[in-house]
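A short reminder: the numbers here are calculations on the coordinates, not readings from a lab. Bear in mind that the values here come from a model prediction, so they are computed numbers and not experimental data. Using ideal geometry, Cβ is built from the backbone for each residue, glycine included, and neighbour counts are taken over all protein chains shown.
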Amino acid sequence: MPRILTGLQPTGLLHIGNYFGAIEPMVSLQAEGNENFLFIVDYHAITVPQDPKKLREHMLFAAAVYLAAGIDPARTTLFQQSRVPAHTELAWILDCHAYMGEMERMTQFKDKAKGKGESVSVGLFVYPILMAADILLYDIAAVPVGVDQKQHVELARDLAERFNRLYGQTFTVPEPKIRARGARVMGLDDPLKKMSKSASSPKNYISLLDDEETIRKKIMSAVTDAGTTIAYDEARPGLANLLTIFSLVTQRDVASVEADYAGKGYADFKRGLAEAVIAFLRPIQTKIREYQKDEIELKRILDTGALRASELAEQKMKVVRERIGVTL
Ligand code: TYM
């Protein structure tokens with residue numbers, strides 16, 4: 001059975017980009033008889049300063065979101081990265097096989113380090129190697145991610161191939177799995193950049209927890225252009241992004257949304273989109289709140305997941321330690 005894995009940082013804010021780029025694909029892949037792994041990447045989150053109390057809350061929130069989105073713990077191993085120490089152990093071994101040159105090419109690091117000068121953490125620099133370890137530990141065939149993570153999955157592929165060449169077949173070489181639509185939801189206030197939780201204004205994103213009024217305001221003020229027709233056109237990135245979101249939240253194709261708004265203007269279109277987003281998020285929000293009430297159950301699910309992941313990870317680490325010659 002092909003194994004699928006993805007991870008998300010527990011930042012306390014998940015937006016519709018995270019949802020459509022990584023969470024929803026993971027939910028739909030459950031139905032296809034794969035073996036699924038979804039984990040909360042807490043050790044990635046501490047590459048930037050975190051408030052320990054909030055981090056704990058954010059992890060429980062993340063677990064509640066995944067369950068609310070339709071992740072079934074009976075079919076998906078749901079766990080917390082730091083509970084499986086093999087992730088950091090393998091990351092160290094891979095650190096010793098990764099090249100400074102290839103790490104310096106990581107565009108996300110370059111973006112995130114901008115303006116931080118000398119005080120950027122070493123963790124932020126080596127973070128893609130920890131991500132490679134996350135994937136390679138479990139012989140993962142496909143990694144559903146948004147476009148921004150593609151380069152990191154490619155690094156995981158390079159490291160797997162390098163290790164296999166040096167020590168013999170050890171790791172499965174993973175493929176990034178990037179959906180055609182929804183893998184790069186753009187910022188509402190700047191449709192040339194991806195929607196991002198670290199954006200300077202909350203008008204950039206729609207959080208999964210935004211209330212109705214906030215959603216309406218954000219969509220009505222989304223940046224568009226001076227055009228008058230509602231028609232998908234890459235040269236009109238603001239409108240193209242809103243049409244994509246409309247299509248994602250209603251599971252309709254873009255052409256049928258365009259047909260609904262033939263002869264109508266932006267105001268009607270944005271009003272319709274806001275109501276569609278609200279209708280889409282309402283049941284998810286209700287479920288998130290339900291799951292959040294039962295912290296004991298959330299922890300139980302994560303404990304079970306950590307146990308299963310640890311077993312598999314340890315099997316792989318035994319082979320890795322033998323291959324590199326540290327087993328006596
Ligand atoms: P993170 O937490 O930044 O993002 C989580 C997922 O959301 C996707 N995403 C988007 N998709 C579409 N449109 C957007 N605007 C958008 N913004 C974010 C991201 O591509 C990602 O899939 N390093 C990873 C987490 C990670 C991981 C892993 C993923 C750690 N180990 C192993 C896969 C496999 C990260 O920081 O994602």
DSSP-defined antiparallel bridges as percent of all bridges, the chain, nearest 5
10
The distance between the Cα centres of the range 250-289 and the range 38-57, in whole Å, is 33
What does the C-alpha gyration tensor say about the overall shape of the range 202-289? Classify as rounded when a/c is under 1.5, otherwise prolate if a/b is larger than b/c, or oblate.
prolate
Mind listing which GluC sites (Glu not before Pro) in the range 203-245 are in a DSSP loop and have 13 or fewer other Cβ atoms within 10 Å?
Glu234
Whole-Å semi-axes of the chain's equivalent ellipsoid (Cα gyration tensor):
36, 22, 19
Considering the dipole of the chain built from charges on the beta carbon (Lys and Arg +1, Asp and Glu -1) around the Cα centre, which of Ile4, Asn34, Leu302 is farthest to its positive end?
Leu302
Inter-label distance, nm, simple model (7 Å from Cα along the C-beta direction), Asp72/Val120:
4.3
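Would you work out the relative contact order for the chain, in percent, from Cα pairs under 8 angstrom that are 6 or more residues apart?
After rounding, I find 22 percent.
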Within the chain, helix-based [θ] at 222 nm, where runs of 4 or more DSSP H residues each add -39,500 (n - 2.57), nearest 500:
-16500 deg cm²/dmol
What number comes out for the charge environment of Gly238, summing +1 per Lys or Arg and -1 per Asp or Glu over other residues with Cβ under 10 Å away?
-2
Tell me, Kirkwood radius of the range 131-230 from alpha-carbon pair distances, in Å?
16.2
How far, in nm, would the chain grow between Lys293 and Glu104 when pulled straight, counting 0.36 nm per residue and subtracting the alpha carbon separation?
63.7 nm
List Ser82, Ser247 from most exposed to least, where exposure is judged by having the fewest other Cβ atoms within 10 Å.
Ser82, Ser247
Going by the alpha-carbon gyration tensor, a ≥ b ≥ c the square roots of its eigenvalues, is the range 256-328 rounded (a/c under 1.5) or, if a/c is not under 1.5, prolate (a/b greater than b/c) versus oblate?
oblate
Just add up the charged neighbours of Glu89: K/R +1, D/E -1, any other residue whose Cβ is under 13 Å from the Cβ of Glu89.
0
At a Cα cut-off below 25 Å, give the lysines reachable from Lys54, other chains included and same-chain residues fewer than 8 away excluded.
Lys112, Lys116, Lys197, Lys203, Lys287, Lys293, Lys299
